[in-house]
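Here the structure is laid out as structure tokens; the discussion comes afterwards.
Bear in mind these aren't lab numbers, they're just calculated from the coordinates by the rules spelled out. Remember, it's a predicted structure, so these values are computed and weren't measured experimentally.
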Amino acid sequence: MRGYCEQPTCDRLQAMTAATRCPKCGAKAVRPRQRAGRTMRYRNLAALPIPADFPLPACGRCAAEYLSPATCDHLAPLLLSSYQAALRIAAAKLITAVTANISQRKLEALFGVSQGYLSGVKSGNRQPSSAFVALLYLAAQPGAIARLERFFAFLGGPENLG
């Protein structure tokens, strides 16, 4: 499924109940339907899974799915929870990859985060931001840590202060 909950929807779709006519194909087959494998764009993730047991109004004939503001209100907390879980999983994997070349404590100092922060993120006790996960991804690239250390070593030099 493609789309955002923030997109405006047609008034005709907002009041959808069982056996509503599909605006796309014209069949009177739009009902709340549950199925696995549905995804939607959410924040900066291109394809966040929609829970399989969450009913979305969909046409049984052409499979078009429709989001109303009310549906989005019910779906939002579920998507937020999935999004945060995806960030925690990605961060834990990236921390493991990055700390193969540098200690966690040195990495925390390099990133300017508190001691124990990476441990908390890795164990799932702290929620990383998407920006922090992106930073971890960049730090996992070959040679990135050495370049960051060189950058910060010379950042405070007299030629950079004036």
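Distances between placed amide hydrogens fall under 5 Å for Leu45 paired with no residue 5 or more residues away or on another chain. Dividing the convex hull volume of the alpha carbon atoms of region 52-130 by its residue count gives 130 Å³ per residue. Annotation: amide H of Phe54 within the under-5 Å range of Arg35, sequence separation 5 or more or interchain, hydrogens built in the peptide plane. Taken as Cα centroids, region 83-120 and region 130-158 sit 13 Å apart, rounded to the nearest whole angstrom.
For region 36-76, the normalised intensity computed at q = 0.29, 0.32 Å⁻¹ comes to -1.22, -1.28 (log10 of I(q)/I(0), Debye sum over alpha carbons, equal scatterers, no solvent). Mean silhouette area of region 11-67, derived from the convex hull of its C-alpha atoms and averaged over all directions, reads 4.2 nm². For region 53-70, putting each phi into the Karplus relation 6.51 cos²θ - 1.76 cosθ + 1.60 with θ = phi - 60° gives couplings of 8, 8, x, 10, x, 9, 7, x, 8, 9, 6, 5, 10, 10, 10, 9, x, 5 Hz, in residue order, rounded to whole numbers and with x for Gly and Pro. Calculated mean residue ellipticity, 222 nm, the chain: -14000 deg cm²/dmol, from DSSP H runs (n ≥ 4) at -39500 (n - 2.57) each, averaged per residue and rounded to 500.
Given q = 0.10, 0.12, 0.17, 0.20 Å⁻¹, what are the Debye log10 I(q)/I(0) values for the chain, with equal point scatterers placed on the Cα positions and solvent ignored? After summing over all Cα pairs, the log10 values are -0.55, -0.67, -0.96, -1.18. The coefficient of translational diffusion for region 87-155, derived via Stokes-Einstein from the alpha carbon Kirkwood radius under 10 °C and 1.306 mPa s, stands at 133 µm²/s.
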